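What follows is one structure encoded as structure tokens, with my remarks underneath.
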Amino acid sequence: MKIYVGPASRLQGKVRVPPSKNYTSRYIWVSALAEGESIIYDPATNDDANALLACCQRLGAKVHASPGRLQISGFGRSPQPPGVLDPGNGGLILRLLLPVGLLLPEVQYVTSYPESLGKRPQDHLLTALRDLGAEVEDVDGHLPITIRGGRPLARRTVAVSGRISSQFASALLMIAPLLGGLDLQITEGLVSRPPLATTLQVMTEAGVTPQADWAQLRFAVAAGNYKAGVYHVPGDYPAASAIMAAAALVPSTVTLYPLNPADQQGEKQVIPYLQQLGVAVERESPEVTIRGGSPLRAIDFNGEEAIDAVLSMAAVACCAEGTTTFSQVANLRWKESDRIGDLAHGLRQIGVAITETADGFVITGNPEGYEGGMELDGCQDHRLIMTYAVLALRTQKGLVISGAEHVSKSFPDFFPALAALGATVREVK
């Protein structure tokens, strides 16, 4: 699907942001790993959540979905052999599912997105699973992957790299109690600490409290069982960051809700960052109001703990006065797309001055905006698509974005929300 987004003179209104993708996936997974019935209120209904629910059902969980509510009866420590699991295009979904292979005689993992998830590396996690005693077949650390487990662990101490993603550690920690407990050492540093903190919070809510030594990156989980529970999913800061960026770029009064200031999502750092840029931001929990249209002054952004909001802030930097360095975000290269290289390619087509660096990129903004008028490839990446849509608001001729349907991975109603605020949005046949 191709979507045209035109220039905007003003945005006005109120947006309910989607439920958190990261919290929803973790709540679904602990519910599936528990015995008994759990209830999740306000779950995300995006592609990742749907893919994980389908896989949980194949593993033996019973799922009943109704508006704003999920009931899940878990399979506990006795998943049924699913044959094949397809996590869709979800990196976190695949990584949560891979360690369940330790409990099964054989399971194969495939994807219907070979050009996206199929290119994302899994070798660090696969090495850890081999160390624990699994037999693993893979294609150079990539899908398709077959895991044969169902035997006692070879060890209870394991190491995994945190250089590319914290999701490898999250996956091992979440399965750990059902394996009889694990001691985990994260090596090579740790990118994106907030998602791992979210994992520990969700595990604790489900009755399993990991011991964490953040300074040494050592974590211990005792043998045990998850308890069925009742969970409430907060609003999604990464999705909200795209609407905040749009509101910052044009005269606007836009209110977003519900956004919990106390949850573990690192992307909430964009609120003080936008204020430093010169955007008027008001917060009255659970609402955040953006009053945009003021001149923007470029300020560097260390995106290590707000990784899923970096591309939204890149759109803002494109229209700020001065040069912005985005640092500590090298792991963006291993997302649904190469979010550094592919972003740079697309922005150069628009006329943005952008330079790739070893751990990020540098943008020199143009406060006057851009001419636009071209078509950009969304690269099957929801964050890239939303970034182009936001920047289109500050072009003279708008932009056409191909593959725009992939926003459904995290924010299915993104384009309707943008249109409701006053943007020109239409499908190109």
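For the range 146-189, filtering for residues that are within 14 Å of Pro105 (Cα to Cα) and either touching a Cys at 6+ places or on another chain (Cβ under 8 Å) or not in a loop (DSSP other than H, G, I, E, B) (or both) leaves 3. The residues on offer are Ile147, Ile186, Ile175, and the sole one that is more than 24 Å from Ser31 (Cβ to Cβ), buried (at least 19 other Cβ atoms within 10 Å of the Cβ) and either in the same structural domain as Tyr109 (by TED's automatic domain parsing) or in contact (Cβ under 8 Å) with a residue 40 or more places away in the chain (or both) is Ile186. If you go through the range 390-403 and keep only what is in a helix (DSSP H, G or I) and over 22 Å from Tyr237 (Cβ atoms), you end up with just Ala392. Going by the conditions given, is Ser312 in contact with a Leu (Cβ under 8 Å, 6 or more places away or on another chain), outside the structural domain of Phe168 (by TED's automatic domain parsing) and at negative phi? Against the criterion (in contact with a Leu (Cβ under 8 Å, 6 or more places away or on another chain), outside the structural domain of Phe168 (by TED's automatic domain parsing) and at negative phi), Ser312 does not qualify. Within the range 34-51, the set of residues being outside any strand (DSSP E or B) and either out of contact with any Lys or Arg (no Cβ under 8 Å at 6 or more places or on another chain) or within 28 Å of Glu405 (Cβ to Cβ) (or both) comprises Asp42, Pro43, Ala44, Thr45, Asn46, Asp47, Asp48, Ala49, Asn50, Ala51. Candidates are the residues of the range 189-209 that are buried (at least 21 other Cβ atoms within 10 Å of the Cβ) and small (Gly, Ala, Ser); the one that is farthest from the chain's Cα centre (by Cα) is Ala206.
Being in contact with a Lys or Arg (Cβ under 9 Å, 6 or more places away or on another chain) and among the small types (Gly, Ala, Ser) is the filter here; which residues of the range 177-216 pass it? Result: Gly180, Gly181, Gly189, Ala206, Gly207, Ala212.
Results for (1) closer than 24 Å to Leu184 by Cα; (2) crowded, with 17+ Cβ neighbours inside 10 Å; (3) of a type outside the set (A, V, I, L, M), shown as yes or no for each residue.
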| residue | (1), (2), (3) |
| --- | --- |
| Asp42 | no, yes, yes |
| Thr45 | no, yes, yes |
| Ala51 | no, yes, no |
| His64 | no, no, yes |
| Pro67 | no, no, yes |
| Leu70 | no, yes, no |
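Give me the residue from the range 404-415 that is outside any helix (DSSP H, G or I) and surrounded by fewer than 24 Cβ atoms within 10 Å (Cβ to Cβ) and, out of that set, nearest to the chain's Cα centre (by Cα). Among those residues, the one meeting the criterion is Pro412.
The values are calculated or read from the model by the stated rules, or taken from the named source; none is laboratory data. These numbers come from a predicted model, not from an experiment. Every residue, glycine among them, receives a Cβ derived from its backbone with ideal geometry; neighbour counts consider all protein chains shown.
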